[in-house]
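Here's the structure we're looking at; comments come further down.
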Amino acid sequence: MAKSSKNKTKPRLLEDLLPTKEVIIACGPGGVGKTTTAAATALTIALNFDKSVLVLTIDPAKRLANALGLNGIGNKEIEVNEDAFREAKLKPKGKLSVAMLDTKESWDALIKRHAKDQATVDQILSNPLYKNITSKFVQSHEYIAMERLYDLHSSKDYDVIVVDTPPTRNALDFLDAPDKMADFFSSRLLKWLIAPYKSKLISLASKPFYQIADRVLGNQFLQDIAEFFIAFQSMYDGFVQRAESVKKLLADTRTSFFVVSTLEQVPALEARFFVDELQKRSLNLDAVILNKVLPESFRSKATTEVAKNMQDMSDVLSQQLENDKFSALIYGKVLNEIAASFLNFQKVAQQEASLESEFSDLVSISTKVPFYSAPINDLGALEDLGKRLWLPD
């Protein structure tokens, strides 16, 4: 059941919400502006507070570099330099850095950090299936994203980390990955797979399976898999402990979730689904950000009358330009199309208003920004977006 925010006092966005958070996670449907929203939020914090802020994107779409006017963003954090701020005529009180998750590099670092000894590290990294498994293994990308977030937060190098997540369904994988990864390494299937390589004794019941598998896949293939997971299981306790730590971080009051969406029907439904999922998990959903919203003037009765008058003008033109039927036809058609287009947008704006009201009842903060006709790909545009998000009039 979604929580209603009716009768709640709405917090002041910039002063009351952003300064109290250490992790801010932007999530929602694909193509609704999560990346730019995350970047604009981080920039707004860096501009207004003496804090070191990091934007971490785990979305495979590489758009964050453009949004911040940077090139070459990777696993290593890059600080936006003073020259970039000076060129945009901005004076930040804090610092802003950017990083983008590199799955392979992050897995390498995880193994080197948590394997019991160097021999285990070498065994895993040299395994011929390692690269394929870490790039395609179920939950690999989502799990390592949680690891990276946890490590960055634990390092205390940054006061605030703003996370740009994949689209909704993948973002749920992001939230559930620690538990699923720990469950996998304790699963019966995995134990059965590696059993013959941990013991020379194979039961009569399972021996036919391994004989067939050896013929189909090859003995070396099965052995490589078994050796990989046997080595990985040596880190099982660490996986479980880290999963618990990550869950605590996500549920901490210092962690905040923002759901970003447009008010189109499909993204709005998906955003509502994610709102419900966050609330089921008792995670801190603090804001719904509605992006690319049509202006309120589209819902004005006065503008409706103007559009209808424009449609009526075609008849007037026919009478006034009766000696020039061609001009009357062209002008009338133009007026009709402009008016019809506006009235269509008005229907969309009215639908948006209804959905906007629903979202406003779900959370304490519901903020909206208009549709931008130009791409948001520099610090100046991001600053403007940040103001509209967190410093509304």
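The values are calculated or read from the model by the stated rules, or taken from the named source; none is laboratory data. Quick caveat: nothing in here was measured; it's all calculated off a predicted structure. Cβ placement follows ideal geometry from the backbone for every residue including glycine, while neighbour counts extend to all protein chains displayed.
Given the structure, is residue 251 in contact (Cβ under 8 Å) with a residue 60 or more places away in the chain and under 22 Å from residue 161 (Cα atoms)?
Details: in contact (Cβ under 8 Å) with a residue 60 or more places away in the chain: no; under 22 Å from residue 161 (Cα atoms): yes.
Judged against the criteria, residue 251 is not a match.
Just to be sure before I move on: is residue 270 charged (D, E, K, R), within 13 Å of residue 172 (Cβ to Cβ) and assigned by TED's automatic domain parsing to the domain that holds residue 30 in the structure I sent? Give the derivation first.
Working: charged (D, E, K, R): yes; within 13 Å of residue 172 (Cβ to Cβ): yes; assigned by TED's automatic domain parsing to the domain that holds residue 30: yes.
Criteria met by residue 270.
Residue by residue, here is whether (1) of a type outside the set (Val, Ile, Thr); (2) in contact with a Leu (Cβ under 8 Å, 6 or more places away or on another chain); (3) surrounded by fewer than 17 Cβ atoms within 10 Å (Cβ to Cβ); (4) in a helix (DSSP H, G or I) holds:
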site: 257; (1), (2), (3), (4): yes, yes, no, no
site: 270; (1), (2), (3), (4): yes, no, no, yes
site: 278; (1), (2), (3), (4): yes, yes, no, yes
site: 289; (1), (2), (3), (4): no, yes, no, no
site: 298; (1), (2), (3), (4): yes, no, no, yes
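Which number in (1) within 29 Å of residue 266 (Cβ to Cβ); (2) at pLDDT below 85; (3) of a type in the set (Asp, Glu) marks the one condition that residue 102 misses?
All conditions pass for residue 102, except number (1).
So, of the residues in segment 241-255 that are part of a helix (DSSP H, G or I) and in contact with a Ser or Thr (Cβ under 8 Å, 6 or more places away or on another chain), which turns out to be surrounded by the most Cβ atoms within 10 Å (Cβ to Cβ)?
It comes out as 249.
Condition first: modelled with pLDDT under 65 and in a loop (DSSP other than H, G, I, E, B). Now tell me which residues in segment 130-168 satisfy that.
If the condition is that a residue be modelled with pLDDT under 65 and in a loop (DSSP other than H, G, I, E, B), then 137, 138, 139 are the ones that fit.
Any chance you could count how many residues in segment 366-393 are modelled with pLDDT under 75 and closer than 18 Å to residue 17 by Cβ?
Result for segment 366-393: 2.
Out of the residues in segment 7-62 that are at pLDDT below 75, part of a loop (DSSP other than H, G, I, E, B) and among the charged types (D, E, K, R), state the one that is nearest to residue 173 (Cα to Cα).
In this case the residue turns out to be 59.
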